[in-house]
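Written below as C-alpha cells is the structure these notes are about.
Bear in mind these aren't lab numbers, they're just calculated from the coordinates by the rules spelled out. Values in this document were obtained by computation on a predicted structure and should not be read as measured data. Positions of Cβ are generated from backbone atoms using ideal geometry, with glycine treated the same way; all protein chains shown enter the neighbour counts.
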Amino acid sequence: MRLVAKHAQVGYLTPGQRPGCRNCKHFEQVRHDSPVMAARQACLKHELEVTSGGICNDHQLRRQANESQFAYLTRQRDLLERALLDQRRTPQVRETRP
Ligand code: SF4
C-alpha cells in the first residue's frame, strides 16, 4: 500500500496539521531582526502570549493561501469529526469519593 494512501486510511496528521495555535486564525507570529531574540507568538483573540503547539477551546483553522472555501470547510469538519471520535474513545475518569 502506498504511504500516502495508508496515511489517509489511518487519519494520520503531521504536527503541523494537528489543531493548535500554529494553524489557528487568531495566531500571530512576529519575527525580530535580532538573531538572539525569539519570535513573538501571540493570540490576537485572547491577547496573550502562546506557543505554537498550544491550543484552547476557541481554536479555528486558518484558511491556507489558495485554498477554496469548500476545501477549508472540509478540513475544519474533518478535524471536528476526529476530535469527536477521540472524545468518545477516551474513557471518562471520574473521581470517586469514599
Ligand atoms: S489560544 Fe486559542 S484562539 Fe488563541 S491562537 Fe491559540 S488556539 Fe487560537
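Each part gets one Cα centre, and for the stretch 29-51 versus the stretch 59-87 those centres are 24 Å apart. For every other residue with a beta carbon closer than 12 angstrom to the beta carbon of TYR72, add +1 if it is Lys or Arg and -1 if Asp or Glu, then tell me the sum. Here the count lands on +3. In angstrom, the C-alpha Rg and Dmax of the stretch 21-68 are 12.0, 38. Between ASN66 and GLN87, the C-beta separation translates, for a Förster distance of 41 Å, into a calculated FRET efficiency of about 0.80. Counting each pair of different Cα atoms once, what's the Kirkwood radius of the chain in Å, rounded to one decimal? Evaluated over the chain, this radius sits at 16.1 Å.
For the pair ARG40 and GLU95, how long in nm is the line joining their label points, each one 7 Å along Cα→Cβ? Distance between label points: 3.9 nm. Net charge of the neighbourhood of LEU48, taken over other residues with C-beta under 13 Å away and scored Lys/Arg +1, Asp/Glu -1, is -2. The local environment of HIS26, defined by Cβ-Cβ distances under 15 Å, has a net charge of +2 under the rule Lys, Arg +1 and Asp, Glu -1.
Relative contact order, whole percent, for the chain stands at 22, derived from Cα pairs under 8 Å and 6 or more residues apart.
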